[in-house]
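The values are calculated or read from the model by the stated rules, or taken from the named source; none is laboratory data. The structure displayed is predicted, hence computed values, not measured ones. With ideal geometry, Cβ positions are generated from the backbone for all residues, glycine too; neighbour counts draw on all protein chains shown.
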Amino acid sequence: MSERTFVMIKPDGVGRRLIGDCVQRLEKRGLKLVAVKMRILSREMAERHYGEHEGKPYYEPLLTFITSGPVVLMVWEGVDAIAQVRKMIGATNAFQADTGTIRSDWAMSNRYNLVHASDAQDTARREMDIYFDEHELVTYSMPDEHWLK
């Protein structure tokens, strides 16, 4: 079933010039980009995004990191997009990520792991709503869609 998911290239991914590589992997997989923007997150946005981690020892360092530079915010669409993207980015800790994943190939730690992706439909909806208005999500068809079902 086709669904949408939220993906963020974090400041380390932007700073290491990996935006195009990450986007290319998702496109080549057959996912469709339906929204994209770049910004430096305010502390308020970061708190909304990572609110469930408040009170944990890594919360403040996480907020400091995620607001330290530009991020690329995206919404991707495709069959089982949430599960596909999570598998493609790999485990949070780069050293535990499966070979061939974004984090295995390019990340060097647990904190600086290049990319965030929603882990469930309710999370995806909440995260998309933080960064995108409904009118910013583009609905369109691609000529190869009949091969990607």
Counting just the residues of region 30-57 that are of a type in the set (Lys, Arg) and within 24 Å of Val138 (Cβ to Cβ), which one comes out surrounded by the most Cβ atoms within 10 Å (Cβ to Cβ)? Lys32
Output for region 88-108, where each listed residue is touching a Gly at 6+ places or on another chain (Cβ under 7 Å) and surrounded by 13 or more Cβ atoms within 10 Å (Cβ to Cβ): Ala97, Thr101, Ile102, Arg103, Ser104
Matching residues, region 108-149, being at pLDDT below 95, farther than 16 Å from Leu31 by Cα and of a type in the set (A, V, I, L, M, F, W, C): Met108
The correct count of residues that are exposed (fewer than 15 other Cβ atoms within 10 Å of the Cβ) and either of a type in the set (Lys, Arg) or in contact (Cβ under 8 Å) with a residue 60 or more places away in the chain (or both) in region 6-22 is 1
Test Glu27 against the stated conditions and say whether it is free of Cβ contacts under 8 Å to residues at least 60 places away in the same chain, more than 16 Å from His116 (Cβ to Cβ) and surrounded by fewer than 16 Cβ atoms within 10 Å (Cβ to Cβ). yes
Single residue of region 109-134 satisfying the filter (of a type in the set (Ser, Thr, Tyr) and in contact with a strand residue (DSSP E or B) (Cβ under 9 Å, 6 or more places away or on another chain)) that is surrounded by the fewest Cβ atoms within 10 Å (Cβ to Cβ): Thr123
